[in-house]
Each structure stands twice: as structure tokens, then as C-alpha cells.
Amino acid sequence: MSRFLMGLAARFPLALLHALGAPLGWAMYVLSPTYRRHLHGNLEAAGYRDAATRRAAIAGAGRMLAELPALWLRPRAEVAALLRRIDGREHVDAARAAGKGIVFLTPHLGCFEITAKIAADEFPITVLYRAPKFAWLQPLIEMGRGQDNVRLARADLSGVRELLAALVRKEAVGILPDQVPGEGEGEWVEFFGRPAYTMTLAPKLAARPASVCLLAYGERLTGGQGYDLHIRPLPAGEPGESAIRRMNRALEALIRECPGQYLWGYNRYKRPAGAPEGGSKPGAPDKS
């Protein structure tokens, strides 16, 4: 049934999906006190206290869900046709001309699903993903994301090996760098002024001399007009700055380009079970 309904929704125009997504975002906001608390707290920590950014983030989260059928189930050419322009394409061209692998860091900003789809039009890309909590979503994710030149790598040791192998082949890999890692896979590092348990894998891959690290996100255009893909180089490190903090600082700058499209309701500051203390609620994991 889920596959049928998503297939049906995939036929809707993108403008209609985004129009339906906005009230879906508001429904999540109204019905979930936990989600609402996270959204308000994260916006506050980042310095966004204005109603306009808050409203945009609420509607944007719903649009993110509503656009999935189109991105996952439409033919590859139709998905590519949703792209309006690529800002920063020269960074990809330079990396490929130099014969280097590319580490794409794509946070929960805008339409992060489309970045790998666009990259796969030109070269293979291996994307790290975490298995969903609900088993019924697994085949949908594999079907929607793992097509053509896109390979899926689970967020475990075997997946890390797949990422390394792809970089050795001078291909691209994609990572959600603001996703909370599991126990032993992260460190507490500042993110928008608060300690966040941050993955160590992405900075390690980015530091490989045979690879180039780029940040990317798909900006969702108004009225369902499509997407603009923005690509940015990883900025130079500051004196005394760790590689992980450098990455988080780069993510902060990227998010500030389009704050209304960031997934502020995501519980970015939770402490995973078994992880060392250091978060905003030391002593007990925050699993909400």
C-alpha cells in the first residue's frame, strides 16, 4: 500500500506536492510537543528568533517529506529536469580533473535527496545511510535512493569500507554530516554554540590527500519551480581548530545561506545511549 500511494503521489506536479507539504509540516509542529520543543530550542541557539524563519522551517519540513515520492520514484531524467542551475560546479570539475575522489557533505538542508541524484548523472556516488527505525521503510529507501550510479552503504564498518573503496577508485561519496552518530563514532564539538555529538568519519575522509571535500545542498525554489544545487569548498581551518569543529563551522555557514530550509526540528543535540557525557543533558541519554 505504501508503495502504491507513493507511486500515485509521484505523478503529482512538484508545485502540488510542496503545497500539500506545507500543512503537513504544520501538522507535525502542532501535534508533537517534542518536535516543537526541539525546533524552537535549535532556532534559538542559532540566533533565529524571528517568526519568518520559524514559519519557513515548519513548512519546509513538510515539503521535504512531500517531495520524496517525486525524487524516489520518477524516472531519472525527470528528476534531473527539476534542477534549475548548479552554483559552484567548478569545484567538482576541478576535483575530477585532478583525478581525486570527492567527499560530499550534505546536511539536512533543503532537498538533500536530490544532490546524489544529480551527481549520479555524471559519475558513481556511494551514499552512507542509516537503516530506518521502521523496517517497512527499508525497501522504499533502497528503491528510491539506490538507483543507477548511486550505491548505498550502511552506517557500519562494512559501509565505511565501501566509502573508502569508492574514494580509492576516485569516485564520490555522500554523507549527512549533521546526523547524530552512534556510540564511539563521534565527539562532542560545538555546533551553533552548543556541544553536539558529531561524527568523526566525515572529517577523516575529508582529510585524505587523494580526496576533495565539498559541501552541497539543494535549495528548494518557491512555487514548486524546482531546485538550485549549491556547492561550496570546505573552508580553511582556523588556528588551533580541530578538523571536526572546522566541519561544523562550515556547516553553520552553509545553513545560514538558507536557514528557513534547515531541519531545525531534528534532535541534533541528543546524547546517544552509551556515548560519553558532554551534551546539554549530561548524565542521561536524550532519546526524544
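The values are calculated or read from the model by the stated rules, or taken from the named source; none is laboratory data. The structure displayed is predicted, hence computed values, not measured ones. FYI the Cβ positions are ideal-geometry reconstructions off the backbone, even for glycines, and counts take in every protein chain you see.
Okay, here's what the table says:
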| quantity | calculated |
| --- | --- |
| Residues located in region 175-200, provided they are crowded, with 19+ Cβ neighbours inside 10 Å, in contact with a helix residue (DSSP H, G or I) (Cβ under 8 Å, 6 or more places away or on another chain) and among the small types (Gly, Ala, Ser) | ALA196 |
| Scope region 190-226; condition under 21 Å from VAL92 (Cβ atoms) and acidic (Asp, Glu); matching residues | GLU219 |
| Test for ALA273: is it under 27 Å from ARG63 (Cα atoms) and touching a Pro at 6+ places or on another chain (Cβ under 6 Å) | no |
| Selected residue (criterion: surrounded by the fewest Cβ atoms within 10 Å (Cβ to Cβ)) from residues of region 84-113 that are within 20 Å of GLN147 (Cβ to Cβ) and in contact with a helix residue (DSSP H, G or I) (Cβ under 6 Å, 6 or more places away or on another chain) | GLU113 |
| From the options TYR262, TYR227, TYR197, residue that is touching a residue at least 60 places away in the same chain (Cβ under 8 Å) and farther than 26 Å from ALA81 by Cβ | TYR197 |
| Residues that are in contact with a Leu (Cβ under 9 Å, 6 or more places away or on another chain), in a helix (DSSP H, G or I) and modelled with pLDDT of 90 or more, drawn from region 72-112 | VAL79, ARG89, HIS91, VAL92, ALA95 |
| Among residues of region 15-52, those that are part of a loop (DSSP other than H, G, I, E, B) and either loosely packed, with under 15 Cβ neighbours inside 10 Å or of a type in the set (Lys, Arg) (or both), counted | 4 |
| Test: residue in region 232-250 that is at pLDDT 95 or above, closer than 30 Å to GLY25 by Cα, of a type in the set (A, V, I, L, M) and assigned to a helix (DSSP H, G or I) | yes |
| Criterion: at pLDDT below 95, in contact with a Lys or Arg (Cβ under 8 Å, 6 or more places away or on another chain) and closer than 30 Å to LEU14 by Cβ - qualifying residue of GLN261, GLN179, GLN225 | GLN179 |
| Some residue of region 53-61 being of a type in the set (D, E, K, R), surrounded by 15 or more Cβ atoms within 10 Å (Cβ to Cβ) and in a helix (DSSP H, G or I) | yes |
| Boolean, ALA77 is farther than 18 Å from GLY224 by Cα, free of Cβ contacts under 8 Å to residues at least 60 places away in the same chain, over 21 Å from the mean Cα position of the chain (by Cα) and exposed (fewer than 15 other Cβ atoms within 10 Å of the Cβ) | no |
| Check on THR115, closer than 24 Å to CYS213 by Cβ, of a type in the set (S, T, N, Q) and at pLDDT 90 or above | yes |
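Residues checked against (1) in contact with a Pro (Cβ under 8 Å, 6 or more places away or on another chain); (2) surrounded by fewer than 16 Cβ atoms within 10 Å (Cβ to Cβ); (3) at pLDDT 90 or above:
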| site | (1), (2), (3) |
| --- | --- |
| ASP148 | no, yes, no |
| ARG161 | no, yes, yes |
| VAL173 | no, no, yes |
| ALA202 | yes, no, yes |
| SER211 | no, no, yes |
